[in-house]
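Comments concern the structure below.
Taken together, the values in this text are just the output of simple stated rules run on the coordinates, not laboratory data. No experiment lies behind these values; they were computed from the predicted model shown. Virtual Cβ from ideal backbone geometry, glycine too; neighbours counted across all protein chains shown.
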Amino acid sequence: MRNHGFNPSCLAPVSYRSMEREREDRRERYARNEALFREVNERIKQLAEQWTATDELIEFTCECANRDCAERVRASLDDYEFVRVEPTRFLVAPGHLDLEVEDVIAERETFWIVDKRGDAAEAATELDPRS
Ligand SMILES: [Zn+2]
């Protein structure tokens, strides 16, 4: 077997591609986590609306990208509905955002609302249970 030697220019595109892939995987994973928490919150909302006034605070689950986040987010049903009308909006605990893919559109004492941009917005829309 011939030894071709080490050629960094051959390796560069490969490692670049795998980095890109890893980045996409991460995006995908983030989107899935958020979509999962969103589904949990949809259940909470469905139960809550049967016995709660629309301005009463309910404990939702933080919908940030961190899978290990178990933070509770207190928001009213009205606030929650404001988040849900757009598939790109997520309800998160204050400070739980990724500036790379989202903007904060509302900051309250007990929760923040973030809005996804670009690829993340597309993934969020695709996974929206209401669409
Ligand atoms: Zn969180």
| Positions within region 57-77 being within 13 Å of the ligand (Cβ to nearest atom) and out of contact with any helix residue (DSSP H, G or I) (no Cβ under 6 Å at 6 or more places or on another chain), in sequence order | Cys62, Cys64, Asn66, Asp68, Cys69, Ala70, Glu71, Arg72, Val73
| field | Segments classed as strands (runs of 3 or more DSSP E), wholly inside region 17-131, with at least 2 members that are exposed (fewer than 14 other Cβ atoms within 10 Å of the Cβ) and free of Cβ contacts under 8 Å to residues at least 24 places away in the same chain | value | 102-107
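Taking region 95-112 on its own, how many of its residues are on the phi < 0 side of the Ramachandran plot, within 14 Å of the chain's Cα centre (by Cα) and within 13 Å of the ligand (Cβ to nearest atom)?
The qualifying residues number 5.
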| Taking Thr54 and the conditions (1) within 12 Å of the chain's Cα centre (by Cα); (2) away from the ligand (no atom under 13 Å from the Cβ); (3) among the β-branched types (Val, Ile, Thr), which numbered condition does it fall short on, given that it satisfies the others? | (1)
| field | Residue list for region 27-51, filter: within 16 Å of the ligand (Cβ to nearest atom) and touching a helix residue (DSSP H, G or I) at 6+ places or on another chain (Cβ under 9 Å) | value | Tyr30, Ala31, Arg32, Glu34, Ala35, Arg38, Asn41, Ile44
